[in-house]
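Here's the structure we're looking at; comments come further down.
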Amino acid sequence: MIWYPYQQMKTMQPPIKIRRAEGVYLYPEDGSRLIDAVSSWWSTIHGYHNPVLDNAIRTQLDSFAHVMLGGLTHEPAERLSAKLQEWLPGDLNHCFFSDSGSVAVEVALKMALQYFMNQGDTQRTMVLALEHAYHGDTFKTMEVGDDEDYHFVLNAYGKSKYVVHIPTEIDVLEQAFAAYHDQLNCMIVEPLLQGAGGMRMYDVSFLKRARQLCDQYGVLLIFDEVATGFGRTGNRFVADLVLPDILVLGKALTGGYIGHAVTVANEKVYQGFYSDDPAHALMHGPTFMGNALACSVALKSIALFEDQNYLEKIKKIESVTRRELIGFTDPRIKEVRIMGGCSCIEVLDEKTLEGFKEFAYERGVFLRPFLRYLYTMVPYVMEEDELVQVLQVMKDWFRR
């Protein structure tokens, strides 16, 4: 049997069984039709069954599905790496592929630690991270995360001496660097938008100051844009606004078709490993890194993003969402937050949202709130009337 994610298997409700998907719609076995307003965990930005992406998979499959990058290489991986080098800002030029966002973040953290070890500096063992951070469910990503609802298993080890968590407040940021700068190898953030930690949004001024302090004290800055990349904040990448040393991408990288991710390092980080000493190599190698099907569909996904002006689509999504949600109030609502292709209604008591998933299902919408957060992360190809339907269901929940 399937062991489902984030569920108590003994008490969970039966999941909705999907027989096909098209555009922004999921089609369950019962004959109903659901607008997917969370983009399959924020990844299917082009919707489902996109003919361009479908064809990219089929065409590559005629040659081969996968060969490892250990001692071998192939054109799709080379082309994707070259495209990302051209497309990403600054000197983010060196692509290390992996098979999921969590693993890609693990690679970034490993790079940061080894970067200093390769220079003989074994004192920089600490990471500066954010409160309410979520970077994945593997062990080091859980350690730099800060969410008891997901990562309580780490209580078995006690508080980590290698991670400091701070709020997104500039004065606290400055205090943390003053106290720990000579022990830090990196600072890691979900830039502007913290996803699973509650769709929390903060100002770019915090990131600009973080960049200044990292430069001042020689600390590497990591942007985890697994969720925020490819337009979700309204920016192509937050890295276009503030340049990190290491950038992590996943989810929408392949348009939601296949699990794949990339950790992109700048020239300084890469040169920290480029050596005649074998011990300075990055000893990491996911089996399915650079998967040919994933690279092929990622290239077409990027082309769609560019050619069809997705940033304008995202602006329209944000505009419609603001029109429909700004000013909407209810005594049970703590705050309404909107940024780019994300919206969130945070309630005061999580019990307020009990039964919402079923309520939305009956009205033709798939939304999956968690804790106190009722949110959308819609596909960018969603039409205005479909988006209004989603937002109306959210508002109707409070008007019952």
Filter region 274-292 down to the residues that are in a loop (DSSP other than H, G, I, E, B) and of a type in the set (G, A, S), then identify the one that is nearest to Y115 (Cα to Cα). A281
Exactly one of S100, S160 is at pLDDT 95 or above and polar (S, T, N, Q), and that one is S100
Of the listed residues (D137, D203), the one being under 21 Å from A252 (Cβ atoms) and out of contact with any strand residue (DSSP E or B) (no Cβ under 7 Å at 6 or more places or on another chain) is D137
Picking from Y48, Y150, which residue would you name as being hydroxyl-bearing (S, T, Y) and either crowded, with 21+ Cβ neighbours inside 10 Å or in contact with a Cys (Cβ under 7 Å, 6 or more places away or on another chain) (or both)? Y48
So, in region 106-128, how many residues would count as being within 20 Å of Q175 (Cα to Cα) and surrounded by fewer than 24 Cβ atoms within 10 Å (Cβ to Cβ)? 4
Just to be sure, is L113 touching a Ser or Thr at 6+ places or on another chain (Cβ under 9 Å) and under 15 Å from D182 (Cα atoms)? yes
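Yes/no per residue for (1) free of Cβ contacts under 8 Å to residues at least 40 places away in the same chain; (2) touching a strand residue (DSSP E or B) at 6+ places or on another chain (Cβ under 7 Å):
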residue	(1), (2)
A112	no, yes
M117	yes, no
G120	yes, no
L130	no, yes
V144	no, yes
D149	no, no
Which condition from (1) assigned by TED's automatic domain parsing to the domain that holds Y202; (2) over 17 Å from R232 (Cα atoms) is the one that S301 breaks? (2)
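So, of the residues in region 61-80 that are in contact with a helix residue (DSSP H, G or I) (Cβ under 9 Å, 6 or more places away or on another chain) and closer than 16 Å to G285 by Cβ, which turns out to be surrounded by the most Cβ atoms within 10 Å (Cβ to Cβ)?
Restricting to residues being in contact with a helix residue (DSSP H, G or I) (Cβ under 9 Å, 6 or more places away or on another chain) and closer than 16 Å to G285 by Cβ, the top hit is A77.
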Show the residue pairs that are 6+ apart or on different chains and have beta-carbon atoms under 6 Å apart, the first residue being within region 167-190 and of a type in the set (D, E), the second being crowded, with 16+ Cβ neighbours inside 10 Å. E190/D224
If I ask for residues that are touching a strand residue (DSSP E or B) at 6+ places or on another chain (Cβ under 8 Å), exposed (fewer than 15 other Cβ atoms within 10 Å of the Cβ) and charged (D, E, K, R), which ones from region 8-45 would you list? K17, R19, R20, E22, E29, R33
Cβ pairs under 9 Å, 6+ apart or interchain, first in region 44-73 and at positive phi, second of a type in the set (D, E, K, R), ordered by first then second residue, are G47/E22; G47/D36; H49/R20; H49/E22
Name every residue in region 273-291 that is surrounded by 17 or more Cβ atoms within 10 Å (Cβ to Cβ) and within 22 Å of the chain's Cα centre (by Cα), in order of residue number. P286, F288, M289, G290, N291
Pull out all pairs, ordered by first then second residue, where Cβ-Cβ is under 6 Å, the residues are six or more apart or on different chains, the first lies in region 331-347 and is surrounded by fewer than 21 Cβ atoms within 10 Å (Cβ to Cβ), and the second is hydroxyl-bearing (S, T, Y) and in a loop (DSSP other than H, G, I, E, B). M339/T233
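The values are calculated or read from the model by the stated rules, or taken from the named source; none is laboratory data. Everything quoted here is computed from the prediction, not taken from an experiment. Neighbour counts run over all protein chains shown; Cβ positions are idealised from the backbone, glycine included.
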